[in-house]
1. Give me the extension gain from Tyr280 to Asp308: residue separation times 0.36 nm, minus the current Cα-Cα distance, reported in nm with one decimal.
2. In degrees, nearest 10, range 0 to 90: what is the angle between the Cα axis of helix 126-141 and the longest Cα principal axis of the chain?
3. Efficiency by 1/(1 + (r/R0)^6): what FRET value for Asp259 and Asp96, r their Cβ-Cβ distance, R0 = 25 Å, to the nearest 0.05?
4. For the chain, which semi-axes, largest first and in whole Å, follow from the square roots of 5 times the eigenvalues of its Cα gyration tensor?
5. Helix 314-327 sits at what angle to the longest principal axis of the chain, using alpha carbons and giving 0 to 90 degrees rounded to 10?
6. Kindly put Met181, Met226 in sequence by how many other C-beta atoms sit within 10 Å of each C-beta, fewest to most.
7. So what's the gap between the Cα centers of the range 130-144 and the range 369-409, to the nearest angstrom?
8. For each of Lys295, Lys263, Lys144, count neighbouring Cβ atoms within 10 Å of the residue's Cβ, then give the residues from fewest to most.
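Each value in this text was obtained by applying a stated rule to the coordinates, not by laboratory testing. Just so we're clear, the structure is a prediction, and the values are computed from it rather than from any experiment. Using ideal geometry, Cβ is built from the backbone for each residue, glycine included, and neighbour counts are taken over all protein chains shown.
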Amino acid sequence: MTSLWIDEATPFASPSTRPERTDVAVIGGGIAGISTALHLALAGAEVTVLEQGSVASRASGRNDGQLLLGLGEHYHRIHGQFGAERARQLWDFLADNHVALREALAAAGVACELRQHGGLRLAETPHEWTELQTAAALLAAEGKAHELVPARDLPRWLPPAVGFHGALHLRGEAIVQPANMVRGLAAAAARAGARICEQQSVTTIDGEAGDFRVQLATGQQLQAAMVVHCTSTLARELDTSGLLQRCVFPFRGQVIASDGLPKEVAAQFPDYAMSSNFCYEYFRMTRDRFVIGGKRWSVPGEELGLLDDQGNNPQITQNLLSYVHEHFPALRGVPFPHVWTGIMAGTPDGLPLLGGLPDRPGTFALLAFNGYGLSFAFLAGRCLAEMITEGSCSHPSAGLFAPRRFQPT
Ligand SMILES: Cc1cc2nc3c(=O)[nH]c(=O)nc-3n(C[C@H](O)[C@H](O)[C@H](O)COP(=O)(O)OP(=O)(O)OC[C@H]3O[C@@H](n4cnc5c(N)ncnc54)[C@H](O)[C@@H]3O)c2cc1C
């Protein structure tokens with residue numbers, strides 16, 4: 001089972017032959033591995049990506065394609081969880097990510113249906129509306145571009161919607177076709193000199209900094225001076241320090257998509273990144289189709305701990321359809337034949353891992369984006385490339401994500 005995005009995407013056209021030796025071996029060809037490889041190659045490093053399937057075949061090609069701000073959370077909640085200073089740093093990191101990503105997509109001529117009309121966070125309940133107003137007050141105090149939309153004005157913003165209690169529009173958000181975006185960036189990385197090798201499953205990593213031996217399922221190996229883990233939660237055992245197994249956990253998201261809507265219906269839906277219920281449900285248009293994910297909280301176990309992205313949960317599909325029928329009556333009776341799932345990686349504090357693994361010289365990680373990697377990983381890959389090539393990273397927020405925060409003292 002693959003996603004609509006992967007089914008429609010252009011295949012990655014420049015797979016490389018695996019060399020015997022490389023300076024940096026990046027394991028995993030999702031947005032994290034591809035961005036890291038692109039920036040390492042641009043900095044002149046010799047880099048090889050080893051991807052067990054094809055580029056963007058896992059979460060990076062199975063998500064909802066929303067480029068979000070603030071880790072998808074309402075802003076005052078980030079303030080509450082991390083404190084004002086770190087909340088601002090997080091927001092700035094994501095805002096900077098989007099600028100850097102847009103520039104790179106334009107420079108490389110990547111065709112990925114980028115739509116930059118902002119995002120609409122809708123209030124599912126009167127309580128969420130009061131929370132959105134609190135978030136808006138903080139955004140206003142910090143000069144961050146947004147509009148608060150009371151329920152009476154919603155028909156102007158989202159004509160087919162019913163039953164929401166208001167919304168917050170964030171100008172800096174956007175949507176993309178994610179598989180084409182990541183594959184386009186992979187092509188740019190290959191042009192910059194990165195070797196991107198598909199169908200290369202890594203089984204173990206032995207040795208030490210300067211002389212790692214990356215073993216492949218085929219029995220062959222790649223020698224590397226440094227190793228970067230960009231495998232999300234799919235190969236935690238490759239990190240022999242145990243940190244990834246201790247601190248990174250899987251959970252599964254599910255998405256459904258309609259067939260093409262009648263022209264007059266499709267025309268009523270703007271190209272926003274949209275969500276409600278504190279971003280637990282998320283939806284958008286892609287051309288004339290409606291795509292929606294979420295509802296994992298509505299089933300026992302909340303899809304936590306699952307690593308299988310070949311199956312799906314029929315109850316979640318039903319619950320997503322009920323949501324669609326309740327809030328968008330114009331879509332009642334519209335078939336949703338596409339269903340897919342993707343595996344995300346979480347951490348106990350909700351922040352990703354970016355940087356060197358403690359007590360493992362020459363070993364780095366960029367993973368566990370807690371469901372927001374599409375919005376985060378491009379700039380994070382640049383930061384990691386700087387750490388590898390220059391020893392430190394100039395972005396003031398990068399320290400928030402250091403893996404050493406999970407090292408027992
Ligand atoms: C349903 C859903 C909706 C989402 N919606 C959004 C959204 O709208 N906005 C947003 O910002 N984020 C969203 N996300 C999250 C986002 O997709 C992820 O955070 C991001 O794609 C993670 O990228 P990654 O490179 O870390 O992982 P992945 O894309 O999973 O890449 C990891 C790669 O490692 C490879 N790999 C694993 N083991 C090995 C091995 N042993 N050897 C070699 N290669 C290996 C895999 O094949 C895979 O390609 C969503 C995710 C899901 C599932």
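1. The span from Tyr280 to Asp308 would gain 8.0 nm if fully extended.
2. So the helix axis and the longest Cα principal axis differ by about 60 degrees.
3. 0.10
4. Result for the chain: semi-axes of 35, 23, 19 Å.
5. 40
6. So the ranking, lowest neighbour count to highest, is Met226, Met181.
7. 27
8. Lys263, Lys144, Lys295
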